[in-house]
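Chemist: Encoded as structure tokens, here's the structure I'll be asking about.
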Amino acid sequence: MKITVGFIGLGLIGGSLAKAIRQFYPDSHILAYNRSLPALKAAKSEGVVDEIYSEVDYHFRACDYIFLCTPVSNNIQFMRLLKNYLSPDCILSDVGSVKGMIHQQAAELGLSHCFIGGHPMAGSEKTGYENSKARLLENAYYILTPAENVNIQKISDYTELISSLGAIPLVLTHQEHDYITAGISHLPHIVAASLVNLVRELDTEDEHMKLIAAGGFKDITRIASSSPDMWQQICLENPENISRVLDVFIRMLVQARCQVDQKDAQELYNLFSQARDYRDSIEILPEGPLKKSYILYCDIADEPGGIASIATLLAMEQINIKNIGIIHNREFEEGVLRIEFYENPDCEKALGILKKRNYITYTR
Ligand code: NAD
């Protein structure tokens, strides 16, 4: 299918969407505006986009779809500008992490018939076009929030486009979106940042807490490495919902403190067992909200070249490694090298190869 797609902003998310569209719709015509030129030039030379612009102007009238992919407050400004250049059938979307403000703007500008908010539930701690990839969207939920007057045909066309890129569309109201993401994304980022700051504040002079911060601490605070600019913006844009879920969370923490103070064995047990049961009920499948990771552990001798020889061995078999590294803080006895893969077949194949070479390997 030949579609014309415009991008306003070509960073991590805009670049990943453009690459996915290029992959699944090779005949598509892709236009892009970006504030800085290097990303645009790179995208053009890689054949990801066809036309690059240093301004948002009438060229975008040719688009069937336009994606606003800059930070939320900038998307709002670009929406105002684009209003003059939209073709009557264009579907205008965004990728912002908060939806309330942009929907309000769409209503005020009279764009409620063509604006379908979008939020790919995929990302990375890294930003910029250079980190973008088509597979970022693969099997990720992609929330769509159609404005009030968008007709069914447009919603269906857009849902199909998202699904054809390998993502999983989920239609919600923008109010539902902002409440749900406050609970499962915005609050966890605040909690992760606060936990890291807690250790920074409480650590001993010789920084032993930092030194031995083990797997569990690292897992729960991974997202504290995200962009401070982006998360500052998100908190400023979704204050009511974040405040509402924070209140409940603070109440739960106070409850936990009472249980600890009172040595309430039964309630403490309930705290952990209820959480464990609910956590285990969250599907860790490609389609589930938690992405499954494919990891193997391997004992290697602590000598130069140990990691390199395994990486070479796997590379020779065309196995794609997502992440590789020594674990210094082990929560279980065996295996010092942790290797993560994109796909399960790669993990299985690597396991076979390493076993054959007499490496001692483990999976969990
Ligand atoms: P990014 O930094 O990789 O890209 C942002 C883009 O916006 C860049 O092209 C940059 O040049 C442009 N930009 C920034 N400020 C601008 C300005 N003042 N004027 C014009 N252009 C400007 O960031 P990203 O992660 O791709 O985020 C883009 C959008 O995607 C945001 O709205 C964010 O809420 C949303 N989002 C991000 C993630 C994530 O995990 N990174 C996930 C889902 C949605």
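Every number in this text was worked out from the coordinates using simple rules, so none of it is lab data. Worth saying up front: this structure is predicted, and the values here are computed from it rather than measured. Cβ placement follows ideal geometry from the backbone for every residue including glycine, while neighbour counts extend to all protein chains displayed.
Chemist: Under 5 Å between amide H atoms, partner at least 5 residues away or on a different chain: which partners does Tyr142 have, H built in plane at 1.01 Å?
Modeler: Met121, Ile168, Leu170
Chemist: When only Cα pairs under 8 Å and 6 or more residues apart are kept, what is the percent relative contact order across region 1-145?
Modeler: Details: 285 pairs, mean separation 42.2, N = 145.
Over region 1-145, the number comes to 29 percent.
Chemist: As a test, work out the antiparallel percent of DSSP beta bridges whose residues both lie in the chain, rounded to the nearest 5.
Modeler: Working: 18 of 40 bridges.
Around 45 percent of the beta bridges assigned by DSSP in the chain are antiparallel ones.
Chemist: Within the set of other residues whose C-beta is less than 15 Å from the C-beta of Ser227, count the net charge using Lys and Arg as +1 and Asp and Glu as -1.
Modeler: Working: positive: Lys126, Arg222; negative: Glu125, Glu130, Asp229, Glu237.
Here the count lands on -2.
Chemist: Using only Cα positions of the chain, each an equal point scatterer, no hydration layer, compute I(q)/I(0) via Debye at q = 0.11 Å⁻¹ and quote the log10 values to two decimals.
Modeler: For the chain, the Cα-only Debye profile gives -0.91.
Chemist: Show me, for region 136-150, the HN-Hα J-couplings you get by feeding each phi into the Karplus relation (A = 6.51, B = -1.76, C = 1.60, θ = phi - 60°), rounded to Hz, glycine and proline as x.
Modeler: 4, 8, 4, 6, 8, 5, 10, 7, 10, 10, x, 6, 3, 9, 6
Chemist: Would you kindly work out the equivalent ellipsoid of region 56-127 from its C-alpha gyration tensor and give its semi-axes, the square roots of five times the eigenvalues, largest first in whole Å?
Modeler: Details: eigenvalues 82, 38, 25 Å².
After diagonalising the Cα gyration tensor, the semi-axes are 20, 14, 11 Å.
Chemist: Hey, what D do you get for region 1-58 in µm²/s if you plug the Kirkwood alpha-carbon radius into Stokes-Einstein at 20 °C and 1.002 mPa s?
Modeler: So the translational diffusion coefficient is about 194 µm²/s.
Chemist: Can you compute the helix-only [θ] at 222 nm over the chain? Use -39500 (n - 2.57) per DSSP H run of at least 4 residues, normalise by all residues, nearest 500 deg cm²/dmol.
Modeler: Helix contribution divided over all residues of the chain: -14000 deg cm²/dmol.
Chemist: How many nm is it between the label spots at Asn270 and Lys210, if each spot is 7 Å from the Cα in line with the beta carbon?
Modeler: 4.0
Chemist: So what is the relative contact order for the chain, in percent, with contacts set as C-alpha pairs under 8 Å and at least six apart? Walk me through the numbers on the way to the answer.
Modeler: Details: 561 pairs, mean separation 44.0, N = 364.
That works out to 12 percent.
Chemist: Turning to a different aspect of this structure: So what is Rg over Rh here for region 19-101, counting just Cα atoms and using Kirkwood for Rh? Intermediate values should be presented prior to the final figure.
Modeler: On the way: Rg = 12.8 Å, Rh = 13.5 Å.
The Rg/Rh ratio comes out at 0.95.
Chemist: Could you name the aspartates and glutamates whose alpha carbon sits less than 15 Å from that of Lys356, not counting residues in the same chain fewer than 8 places away?
Modeler: Cross-link targets: Asp299, Glu317, Glu348.
Chemist: Report, to the nearest 10°, how far helix 228-237 tilts away from the longest principal axis of the Cα atoms in the chain, using its own Cα long axis and a range of 0 to 90°.
Modeler: So the helix axis and the longest Cα principal axis differ by about 60 degrees.
Chemist: For region 61-211, state what percent of all Cα-Cα pairs lands in each successive 10 Å bin, counting from 0 Å until the bin that includes the largest distance.
Modeler: It works out to 10, 35, 31, 13, 7, 4, 0, in whole percents.
Chemist: May I pose another question? Among Lys41/Lys322; Lys19/Lys210; Lys44/Lys83; Lys99/Lys133, which pairs are too far apart, with a Cα-Cα distance over 31 Å? Let's see the in-between values first.
Modeler: Working: Lys41/Lys322 27 Å; Lys19/Lys210 39 Å; Lys44/Lys83 26 Å; Lys99/Lys133 24 Å.
Over 31 Å apart, Cα to Cα: Lys19/Lys210.
Chemist: Next up: May I have the extent of the alpha carbons of region 211-269 along their three principal axes, as whole Å values ordered from largest to smallest?
Modeler: 41, 35, 14
Chemist: Next up: Against the longest alpha carbon principal axis of the chain, how many degrees, from 0 to 90 and to the nearest 10, is the axis of helix 12-24 turned?
Modeler: Roughly 70 degrees, rounded to the nearest 10.
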